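To start, the structure under review is shown below, and the notes come after it.
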Amino acid sequence: MDHELFTALLEGNRDRVYGHALYCLRNPEDAQDVTQETFVKLWDKFEDIDHARVPAWLMRVAHNLCIDLIRRRRSQRKNFGYPDPDALERLPSKRPGHDPQDRLHLDQQQRALLDAMETL
């Protein structure tokens, strides 16, 4: 691969790819990760790509990576709607898991934990 050409493509398209990722993900760190992964894919596939269509290819790859990340987030969040069976056993209760209040309290704790992790 021609390093000068790759550098020119990187500098010419980096801000546009990052801007699109930031718009989709609303998270600067995730947008940086997607931008980096997009250009790694360009590096790996450079010989197979029509060089005249690289900007469009970059945007398509970045968009697909954003969609993949959003889907992973959704699937992770779905798992927090149900209490962890092991956590129920750790609750101070006579019969873990049978009291609806215990389940509600555990569900609220898991949601708070998820929110705290997203904040980090």
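The values are calculated or read from the model by the stated rules, or taken from the named source; none is laboratory data. Nothing here was measured: the structure is a model prediction, and the numbers come from that model. In case anyone asks, the SASA skips ligands and DNA or RNA and just uses the protein heavy atoms, side chains included. Shrake-Rupley method; radii C 1.70, N 1.55, O 1.52, S 1.80 Å.
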_Ignoring ligands, DNA and RNA, please state the percent of accessible area on segment 1-47 from carbon and sulfur, probe 1.4 Å._
48 percent
*Quick one: accessible area per residue over segment 14-75, 1.4 Å probe, rounded to a whole number of Å²?*
65 Å²
